[in-house]
1. Kindly provide the set of residues from the range 1-37 that are open to solvent by 90 Å² or more (accessible area, probe 1.4 Å), at pLDDT 80 or above and under 21 Å from Val130 (Cα atoms), ordered by number.
2. From the residues in the range 68-86 that are surrounded by 13 or more Cβ atoms within 10 Å (Cβ to Cβ) and among the polar types (S, T, N, Q), which one is farthest from Gln222 (Cα to Cα)?
3. Quick check on my filter: what residues within the range 154-170 are open to solvent by 50 Å² or more (accessible area, probe 1.4 Å) and more than 15 Å from Phe231 (Cβ to Cβ)?
4. What strands (runs of 3 or more DSSP E), lying completely within the range 21-124, carry at least 2 residues that are without any contact (Cβ under 8 Å) to a residue 40 or more places away in the chain and among the hydrophobic types (A, V, I, L, M, F, W, C)?
5. Out of the residues in the range 171-183 that are at negative phi and in a loop (DSSP other than H, G, I, E, B), which is most open to solvent (accessible area, probe 1.4 Å)?
6. Tally up the residues in the range 122-134 that are within 14 Å of Gly90 (Cα to Cα) and either open to solvent by 20 Å² or more (accessible area, probe 1.4 Å) or at pLDDT 95 or above (or both), please.
7. Return the residues of the range 184-233 that are assigned to a helix (DSSP H, G or I), open to solvent by less than 70 Å² (accessible area, probe 1.4 Å), at negative phi and touching a Lys or Arg at 6+ places or on another chain (Cβ under 9 Å); say none if nothing qualifies.
8. Confirm whether Val96 is open to solvent by less than 40 Å² (accessible area, probe 1.4 Å), under 30 Å from Ala171 (Cβ atoms) and modelled with pLDDT of 90 or more.
Amino acid sequence: EAPLLHGEWPRRSDRHGRYFRLVQPNRSYHLTFSAPGYCSQSVEAAVGAGPARVDVALIPSPGDLPSDPSPANDSQSQPTTLTLSWSDLGAAEYEVYFGTGDSPPFAARVSNPQWSPPQLAPGTLYTWKVAVTTPCGSVSGPVWSFATTPYRITGVSASTGPFRLTVLGGAFGPDCRVLIGETPAPQTVFKSEGRLVAKGGSALKALAPAGVPVTVSVEDAQGRRSEGYSFTR
């Protein structure tokens, strides 16, 4: 009955379990309290002319909570196309919550411990959690997060005199370098956010033999890497 309409911070208690909310007097409100590992509890609070106090004690939920997330929690440089997975608890169904905010919204209900979100945006932090059905209702696991790679490669071309590779894409920075497989190019020259040039003459040519597919990627000084791009010269 009191939705957040103006970008307010998500409704969470402080570290002591206290939460305060300004509402209109002389009416009733329905509140739901939840925490990972506990049964959610809903109560009705009648607010009169002054403050109303509601004390709630949550009961631990039976069974295990979803764990072992993939991608791992707080992981970086994840591809923009992926599948989320978690521990198999043998539940009849799982509820997946997925988004970019502190409290991800409901996204899907699945019968297996995995779900594939739609195409993701590069350089974005995503949050997600999984809820399972228990004797006390739907119980949510912890909120996990991962970040997608900020860099993308749209094309690679080779030129001679001397030999070099031009890597086209987006969001490149001056600290980015070109990798062939897992080996850095002898020299990477930053041209723009959309173009890097790998140099190195015969040493670079040896990393990309003619007729042999190689994987080209871009990595920055923090270790954030683009998805691999298959290239054959």
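1. Thr32
2. Here the answer is Ser85.
3. Result: Thr160, Gly161, Pro162.
4. On the way: elements: 27-33, 41-47, 75-78, 94-99, 106-110.
Counting at least 2 such residues, we get 27-33, 41-47, 94-99, 106-110.
5. Looking at residues that are at negative phi and in a loop (DSSP other than H, G, I, E, B), I get Glu182.
6. Taking the range 122-134 and keeping what is within 14 Å of Gly90 (Cα to Cα), we get 130-134.
Subset that is either open to solvent by 20 Å² or more (accessible area, probe 1.4 Å) or at pLDDT 95 or above (or both): 130, 133-134.
The total comes to 3.
7. Within the range 184-233, Leu204 is the sole residue that qualifies.
8. Yes.
The values are calculated or read from the model by the stated rules, or taken from the named source; none is laboratory data. Predicted, not measured: the structure shown is a model, and the values here were computed from it. Backbone-built Cβ (ideal geometry, glycine too); neighbour counts: all protein chains shown. Areas reflect the complete protein model, heavy atoms only, side chains present, ligands, DNA and RNA absent. Shrake-Rupley method; radii C 1.70, N 1.55, O 1.52, S 1.80 Å.
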